[in-house]
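The values are calculated or read from the model by the stated rules, or taken from the named source; none is laboratory data. What you see is a predicted model; the values in this text were computed from it and never measured. Reconstructed Cβ throughout: ideal geometry from the backbone, glycine too, with neighbour counts over all protein chains shown. These accessible areas exclude ligands, DNA and RNA; they are computed on the full protein's heavy atoms, side chains included. Shrake-Rupley method; radii C 1.70, N 1.55, O 1.52, S 1.80 Å.
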Amino acid sequence: MKKQILSIVAAILACVALSLHAPAQAGAILNTNWQSAAFNLASIDDDTTLSFHGFNSGLGSLIGVVMKFSLSETLYDRVFNLGSKASNIGNPSQIFATSIITVSGPLGLQSVNQLSTTPFRGKVPSGLSTIATASLSNHQMAPVQLNGTPASLASYIGANHQVTISVDGLGVQSGSLARNVLTGYDGTASGVVYLRYIYQVPEPAILALFGLGLLLLGVMSWRRRQG
């Protein structure tokens, strides 16, 4: 009987020890360090894929993913006048070019930046002309956040897992042109994408329940033997 009592006492002490040695930040909501990956689009209509490490579930429960990016970009709005004389364009609708840079990850995580040239109306000479230019230098996009649970954010979990983030460029152009004038756009974009995880450290109560479970097992074993 003495052995059974000692087992119960040991289980109680284990329960207390687990609670006392729980992490100081148990229950807290924390952020991992930022991961980063650079991209370089050789033209506006280009795309690339970046890889990031998945969340290490040993840290706790994943409850959010945060992404942001910085962007440097130049956009050129160009026309080519096939005629031998200057030609009027942009009437009634002015000519302008727009680029859209989209950075996206699993489960709909997405951030978009749009850049447009100044609308143009007027004469263009014969041959190729750049009618407007727009640019950004180290433009910082605000963070976007995806919230959830470990189950709903499973695409981001795994210490050795690669999370794929895609960067896509797209260009469009609009406006009124003379019959002998062609229009087009060109440009480049580069930047850095950042990713980090939001997680919660296990509560001390969870650790205490584990110890309590050991205690109950000891009591049940003792009672069976007494019976």
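When all protein chains stay in place and ligands, DNA and RNA are ignored, the 1.4 Å accessible-area order of GLU73, GLU203, largest first, is GLU203, GLU73. For LEU30, the shell of other residues with beta-carbons less than 15 Å away shows a net charge of 0, using +1 for Lys and Arg and -1 for Asp and Glu.
A full extension of the chain between SER51 and GLN114 corresponds to an added length of 20.3 nm, given 0.36 nm per residue minus the alpha carbon distance. You can think of it this way: the chain between ALA26 and SER135 has 34.6 nm of extra reach, that is 0.36 nm per residue less the Cα-Cα gap.
Within the shell of other residues whose beta carbon sits under 13 angstrom from the beta carbon of PHE39, the net charge comes to -4, with Lys and Arg scored +1 and Asp and Glu -1. Placing a pseudo-label 7 Å from each Cα along the Cα-to-Cβ vector at THR149 and ILE100 gives an inter-label distance of 3.4 nm. At an R0 of 45 angstrom, the distance between the Cβ atoms of ASN91 and ALA38 translates into a FRET efficiency of 0.60. Between the stretch 164-191 and the stretch 70-90, the alpha-carbon centres lie 11 Å apart.
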